[in-house]
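Here the structure comes first, spelled out in structure tokens, and everything after it is commentary.
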Amino acid sequence: MAARRLVPVVPSPERIRRIRGSFAWLDHRLLREGHLDRLSLVDIAVYLYLVLVADRNGVSFYRKDVISKRLGIDWSQFEESKARLLERGLIAFRPFAPRDVDGFYQILDVPAGGAQ
């Protein structure tokens, strides 16, 4: 017996989203390859924020205090999430100057081979 194929139905066709102006995107591999399973909700929020404010090269330079305030988290939560995202190879960071807490964030290509 062949499996029945489900045909998607658009619940609100008058509100189909369109790309207007700037655009951000998330790679489906984050979900399919288990990357999201290894992140906390705060990690996911920080990652999503960095994706949304990034330029076409994936680079943003919002200050840590701004991101923390917008997400309703404290600096230690931000730093823990930043460390996990760096460790997982999802972002890169380069300080504006040596020992500076603020700098450039880059959303990296999702690591191949799934979550480590």
- request: Give the residue that is farthest from the chain's Cα centre (by Cα), with candidates limited to residues of segment 1-47 that are more than 25 Å from residue 90 (Cα to Cα) and of a type in the set (Gly, Ala, Ser).
  value: 2
- line: Residues in segment 70-88 that are out of contact with any Leu (no Cβ under 8 Å at 6 or more places or on another chain) and not in a helix (DSSP H, G or I) total 3
message: For segment 27-69, give me the residue count where each residue is without any contact (Cβ under 8 Å) to a residue 24 or more places away in the chain and either under 19 Å from residue 87 (Cα atoms) or not in a helix (DSSP H, G or I) (or both).
response: 9
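No lab work stands behind these numbers, since they all come straight from the coordinates. Being a predicted model, the structure only gives us computed values, none of them experimental. Reconstructed Cβ throughout: ideal geometry from the backbone, glycine too, with neighbour counts over all protein chains shown.
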